[in-house]
Amino acid sequence: MAARDTWPAKWTRGVRNVPKLNPDFVALWKPCLEEGMSYKHVAEMFGVSKGSVRNAYPGMGWTMEQAREMGTFMKHHNQRMRRSAFASQA
């Protein structure tokens, strides 16, 4: 990922001088989503809302079910890691 100081401007002026997201800035999100990042992660990284990312690239981020499955997997994984760490200390 390129350094933030080389990113294009976040906002551009649209119709009636209303600010809108710069298409060049929005294009930076696609490689992150293609790598498998969630909408939420990309939104936090670029300082925009999750809905903006979802609207720009529908179907590329994680579904709620996928995020829930990952959360459940990590919960059980962390429990196993804690148990094995305690067992090795005894």
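I need every pair where a residue in the stretch 9-25 that is in a helix (DSSP H, G or I) has its Cβ under 7 Å from the Cβ of a residue that is modelled with pLDDT of 80 or more and aliphatic (A, V, I, L, M), sequence separation at least 6 or different chains.
Phe25/Ala9
From the set of residues in the stretch 9-51 that are polar (S, T, N, Q) and open to solvent by 40 Å² or more (accessible area, probe 1.4 Å), which is modelled with the highest pLDDT?
First, pick out the residues of the stretch 9-51 that are polar (S, T, N, Q): 12, 17, 22, 38, 49.
Okay, now just the ones that are also open to solvent by 40 Å² or more (accessible area, probe 1.4 Å), so 12, 17, 49.
Values: Thr12: 82, Asn17: 79, Ser49: 91.
In this case the residue turns out to be Ser49.
Identify all residues within the stretch 52-62 that are open to solvent by 50 Å² or more (accessible area, probe 1.4 Å) and either touching a residue at least 40 places away in the same chain (Cβ under 8 Å) or of a type outside the set (Gly, Ala, Ser) (or both); write none if there are none. Give the steps one after another, and end with the answer.
At the first step, the residues of the stretch 52-62 found to be open to solvent by 50 Å² or more (accessible area, probe 1.4 Å) are 54-55, 58-60, 62.
Answer for the stretch 52-62, where residues must be open to solvent by 50 Å² or more (accessible area, probe 1.4 Å) and either touching a residue at least 40 places away in the same chain (Cβ under 8 Å) or of a type outside the set (Gly, Ala, Ser) (or both): Arg54, Asn55, Pro58, Met60, Trp62.
Out of curiosity, is Ser88 open to solvent by less than 70 Å² (accessible area, probe 1.4 Å) and hydroxyl-bearing (Ser, Thr, Tyr)? Step through it out loud before you land on a result.
Values: open to solvent by less than 70 Å² (accessible area, probe 1.4 Å): no; hydroxyl-bearing (Ser, Thr, Tyr): yes.
No.
The values are calculated or read from the model by the stated rules, or taken from the named source; none is laboratory data. Small disclaimer: the values here were computed from a predicted structure and weren't measured. Please note: Cβ atoms are built from the backbone with ideal geometry, for glycine as well, and neighbour counts cover all protein chains shown. Note: accessible area is taken over every heavy atom of the protein model, side chains too, but ligands, DNA and RNA are not part of it. Shrake-Rupley method; radii C 1.70, N 1.55, O 1.52, S 1.80 Å.
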